[in-house]
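S.K.: Can you read through this structure? Questions will come right after.
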Amino acid sequence: MPELPEVESVRRSLDPVIRGLDLVRIRICRRDVIRDPRGRRRGSVDRSNMGVGTTLTSVDRRGKQLLLRFENGSATVIRLGMSGRLEVVRGRKPVPPHRHVIWTFGDSGSREVGVWFVDPRRFGGVHLAESPEDLSGRLIADLGPEAPDLRPDEIRDTFRRTRRAVKVVLLDQSAIAGIGNIYADEALHRAMIHPARPASDLDEEDLDRLCRHVRAIMKDAIEAGGSTLRDHRLPDGSPGAYGGQHRVYGRQGAACPSCDAVLKGIRLAARSTTFCPRCQPR
DNA sequence: CTTGCGTCCTGCTCGC
DNA sequence: TGCGAGCAGGACGCAA
């Protein structure tokens, strides 16, 4: 469920807590969530890439992925997938199920801070890389432009050369980084574009409107701390506040907030899709 | 190369 | 009230 706004909210609350602290130890409770930089699960885990014994310099984000950078150059990418989240835990606490990776940070004399990777469905994962260059694979390098800053000139070529449905392209992380099923439906509704229209049929005006609404939705959702849908939680346990603003997502059969028509549900690329047949004509 | 579909995985919702 | 089926979906691998 975490899309870019949720991941950015997690980053903002996590960075000030652990930046500048040393990684004291890492405990891997389930090794099959550990992947290599290309995203493959691998049998053996190389502990030299985990940053243990060095300082965490920053928590960054690219698309929907979190990036822990360490002073020794190693980088850890965390993808939250569907059901993943991070918990910040101070002091000794019992470890509930589904806590797959536990980082323990500290500095000389201060109390330790735990960061727990929780992911019941295990669609997410933790990728260990020796260096940022190691991330040149599709994990980081092949991502498209960031959704919150999206400009028409960044996606014009991609859209022109594909007949795929516009919603499918919005969900393609190599085309645009950060949009998931919720915000794809929301952006298309606000831009009044039918989700199944071939991307190459969009004219310059459509692209401009679409980019404007993608930027606005991403920024609004980040401000609100992400969507409250399902199990999204910030590392301090608080829910985001964006949920009340969904106009179409999950509202199939209800009235369109713009025109009162009945919102229609279809499946597109095996994803549930909700749109307004009146506001978003083909 | 492009496109579409199956797979992974568990928790929640719904219907009987 | 209890139980099982079905659904939810991000990204990869593979087939057409």
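The values are calculated or read from the model by the stated rules, or taken from the named source; none is laboratory data. Note that the structure is predicted; figures quoted are calculated from it, not measured. Quick reminder, even Gly has a Cβ in these numbers, built from the backbone with ideal geometry, and neighbours come from all protein chains shown.
S.K.: Quick one: in the stretch A:56-71, which of the residues that are surrounded by fewer than 17 Cβ atoms within 10 Å (Cβ to Cβ) and either of a type in the set (Ser, Thr, Tyr) or outside any strand (DSSP E or B) (or both) is nearest to DNA strand B (Cβ to nearest atom)?
M.R.: Checked the stretch A:56-71; the qualifying residue nearest to DNA strand B (Cβ to nearest atom) is A:Ser58.
S.K.: Can you list residue pairs whose Cβ atoms sit under 7 Å apart, with the first residue in the stretch A:250-261 being closer than 12 Å to A:Phe275 by Cβ and the second being small (Gly, Ala, Ser) and surrounded by 13 or more Cβ atoms within 10 Å (Cβ to Cβ)? Count only pairs 6 or more apart in sequence or on different chains.
M.R.: Taking only residues 6 or more apart or on different chains, the pairs are A:Gln252/A:Gly265.
S.K.: Would you check which residues across the stretch A:95-147 are more than 30 Å from A:Arg212 (Cα to Cα), within 16 Å of DNA strand B (Cβ to nearest atom), surrounded by fewer than 16 Cβ atoms within 10 Å (Cβ to Cβ) and of a type outside the set (Lys, Arg) and list them?
M.R.: A:Val95, A:Pro96, A:Pro97, A:Pro120, A:Phe123
S.K.: Say whether the condition of being within 30 Å of A:Arg271 (Cα to Cα) and either surrounded by 17 or more Cβ atoms within 10 Å (Cβ to Cβ) or acidic (Asp, Glu) (or both) is met by at least one residue in the stretch A:44-51.
M.R.: Checked against the condition, which is being within 30 Å of A:Arg271 (Cα to Cα) and either surrounded by 17 or more Cβ atoms within 10 Å (Cβ to Cβ) or acidic (Asp, Glu) (or both), the stretch A:44-51 yields no hits at all.
S.K.: State all residues of the stretch A:248-282 that are away from DNA strand B (no atom under 16 Å from the Cβ), in a loop (DSSP other than H, G, I, E, B) and among the hydrophobic types (A, V, I, L, M, F, W, C); if no residue qualifies, say none.
M.R.: Matches in the stretch A:248-282: A:Val248, A:Cys256, A:Cys259, A:Ala261, A:Leu263, A:Cys276, A:Cys279.
S.K.: Using beta carbons and a limit of 7 Å, which pairs, at least six apart or on different chains, have the first residue in the stretch A:106-121 and within 12 Å of A:Leu80 (Cβ to Cβ) and of a type in the set (A, V, I, L, M, F, W, C) and the second one part of a strand (DSSP E or B) and modelled with pLDDT of 90 or more?
M.R.: Matching pairs, first to second residue: A:Phe117/A:Ile78; A:Phe117/A:Leu86; A:Phe117/A:His100; A:Phe117/A:Val101; A:Phe117/A:Val126; A:Val118/A:Arg85; A:Val118/A:Glu87; A:Val118/A:Arg99.
S.K.: On to the next question. Just a yes or no: is a residue in the stretch A:181-193 small (Gly, Ala, Ser), farther than 16 Å from A:Thr273 by Cα and either at pLDDT 95 or above or assigned to a helix (DSSP H, G or I) (or both)? Outline the logic, then answer.
M.R.: As a first pass, look at the stretch A:181-193 and keep what is small (Gly, Ala, Ser): A:184, A:187, A:191.
Filter again for farther than 16 Å from A:Thr273 by Cα, leaving none.
No, there is no match, as no residue in the stretch A:181-193 is small (Gly, Ala, Ser), farther than 16 Å from A:Thr273 by Cα and either at pLDDT 95 or above or assigned to a helix (DSSP H, G or I) (or both).
S.K.: Then there is this: Within the bounds of the stretch A:135-152, is there any residue that is in contact with a strand residue (DSSP E or B) (Cβ under 7 Å, 6 or more places away or on another chain), at pLDDT 90 or above and of a type in the set (Val, Ile, Thr)?
M.R.: Within the stretch A:135-152 (the criterion being in contact with a strand residue (DSSP E or B) (Cβ under 7 Å, 6 or more places away or on another chain), at pLDDT 90 or above and of a type in the set (Val, Ile, Thr)), the answer is no, since none of the residues qualifies.
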